[in-house]
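Engineer: Here it is: the structure, laid out below.
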Amino acid sequence: MKEDLVYLRHKIQKIDEKIQDLFLKRIEYILHVKAIKIKQNLPVEQKNVEKEKKEKLLKRLKNKQYEKEYLELIDKFFDLSKQIQTKGENINE
């Protein structure tokens, strides 16, 4: 039983490492988006874009049992994206 727990925790750790890698890649793209928004004088927050992305992601979600938790995660990603975009440089709000 303990071996199963160790094995499962190891698998979760591997997933967490992949999530970390993807998170850092996501930040790279966020910084490119930030640069474009600054050049084009666009606001950081674009509710219509967030809404469209949420709808697409929810359609893709196969297990609706965790939809609420998944939406919380997506909202957190959006919040962090806006936080990163407003960090360090002037950008329209």
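The values are calculated or read from the model by the stated rules, or taken from the named source; none is laboratory data. Owing to the predicted nature of the structure, the values given are computational and were not obtained by experimental measurement. Cβ coordinates were reconstructed from backbone atoms using ideal geometry, including for glycine residues, and neighbour counts include every protein chain displayed. For the accessible areas, the whole protein counts, side chains as well, though only heavy atoms, and no ligand, DNA or RNA atoms are used. Shrake-Rupley method; radii C 1.70, N 1.55, O 1.52, S 1.80 Å.
Engineer: When the dipole is taken about the Cα centre of the chain, and only Lys, Arg (+1) and Asp, Glu (-1) are charged at their Cβ, what size is it in debye, to the nearest 20?
Structural biologist: Taking the Cα centre of the chain as origin, the dipole is about 320 debye.
Engineer: With all protein chains present, how much of the accessible area of segment 30-91 (probe radius 1.4 Å) comes from carbon and sulfur, to the nearest whole percent?
Structural biologist: Answer for segment 30-91: carbon and sulfur cover 54 percent of the accessible area.
Engineer: Summing -39500 (n - 2.57) over the DSSP H runs of n ≥ 4 in the chain and dividing by its residue number, what mean residue ellipticity at 222 nm do you reach, to the nearest 500 deg cm²/dmol?
Structural biologist: -27000 deg cm²/dmol
Engineer: Segment 49-68 to segment 1-41: how many Å between their Cα centroids?
Structural biologist: Each part's Cα centre sits 18 Å from the other's.
Engineer: Contour minus end-to-end for Leu73 and Asp16, with contour as 0.36 nm per residue of separation and end-to-end as the Cα-Cα distance?
Structural biologist: Once the chain is fully extended between Leu73 and Asp16, it gains 19.1 nm.
Engineer: Go ahead and run the numbers for FRET between Lys56 and Leu5, Cβ-Cβ distance against an R0 of 35 Å, rounding to 0.05.
Structural biologist: For R0 = 35 Å, the calculated efficiency reads 0.45.
Engineer: When ligands, DNA and RNA are left out and all protein chains stay put, how many square angstrom of accessible area per residue does the chain have with a 1.4 Å probe?
Structural biologist: On the way: 8140 Å² over 93 residues.
Accessible surface, normalised per residue, equals 87 Å².
Engineer: Then there is this: Need one value: the accessible area of Glu17 in square angstrom, 1.4 angstrom probe, rounded to the nearest 10.
Structural biologist: 70 Å²
Engineer: Can you find, among Leu31, Ile19, Asn63, the residue sitting farthest towards the positive end of the charge dipole of the chain, where Lys and Arg contribute +1 and Asp and Glu -1 at Cβ?
Structural biologist: Asn63
Engineer: Further, regarding this structure: Highest GNM mean-square fluctuation, the chain, Cα pairs closer than 10 Å: which of Lys11, Lys56, Lys25?
Structural biologist: Lys11
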